[in-house]
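Note sheet for the following structure.
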Amino acid sequence: QVELVESGGGLVQAGGSLRLSCAASGRFSPYTVGWFRRAPGKEREFVAAISWSGGSLYYADSVKGRFTISRDNAKNTVYLQMNSLKPEDTAVYYCARTTNTVVKDTKYYDYWGQGTQVTVSS
């Protein structure tokens, strides 16, 4: 059994930064870990993903250049550094794990965290 717990969300002004963490208990490697988000009234969408080694990084176009995903396998933790935040980044952010190479599709992820709220004020 794997449990994923997100933390680090909060309220921030536009242009500000937050760092989200995804801590895992149970087996976390050698899985790819992804971050997704769901804004009010919208579908859950892909944000970023990182392979087990950290050698492959994936980003949605909407966050490229602003968000950085990283991981510390010794701590069973994946991070999402979010800079230059915009009001449209407001959403609940989720982390999840997958063994699939299709990292942008939610259906290939088997374990999900409960999410952490990020609110960006204008």
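The values are calculated or read from the model by the stated rules, or taken from the named source; none is laboratory data. Note that the structure is a prediction, hence the values are computed from the model and not measured. Methodologically, a virtual Cβ is constructed for each residue, glycine included, from the backbone with ideal geometry; neighbour enumeration extends over all protein chains shown.
Of the candidates Ala48, Ala60, the single residue that is modelled with pLDDT of 95 or more, under 16 Å from Glu6 (Cβ atoms) and among the aliphatic types (A, V, I, L, M) is Ala48. Assessment of the stretch 33-44 against the conditions (without any contact (Cβ under 8 Å) to a residue 60 or more places away in the chain and closer than 13 Å to Lys104 by Cβ) yields at least one matching residue.
When Phe28 is tested against (1) surrounded by 14 or more Cβ atoms within 10 Å (Cβ to Cβ); (2) part of a strand (DSSP E or B); (3) not small (Gly, Ala, Ser), just one condition goes unmet, and that condition is (2). Looking only at the stretch 38-61, decide whether some residue is among the polar types (S, T, N, Q) and either in contact with an Asp or Glu (Cβ under 9 Å, 6 or more places away or on another chain) or part of a strand (DSSP E or B) (or both). No, there is no match, as no residue in the stretch 38-61 is among the polar types (S, T, N, Q) and either in contact with an Asp or Glu (Cβ under 9 Å, 6 or more places away or on another chain) or part of a strand (DSSP E or B) (or both). Listed by position, the strands (runs of 3 or more DSSP E) contained in the stretch 64-113 that have at least 2 residues being farther than 14 Å from Glu3 by Cα are 67-72, 77-82, 91-98.
Here is a list: Val120, Val47, Val33, Val63. Which entry is buried (at least 18 other Cβ atoms within 10 Å of the Cβ), among the β-branched types (Val, Ile, Thr), touching a Leu at 6+ places or on another chain (Cβ under 6 Å) and on the phi < 0 side of the Ramachandran plot?
It is Val120.
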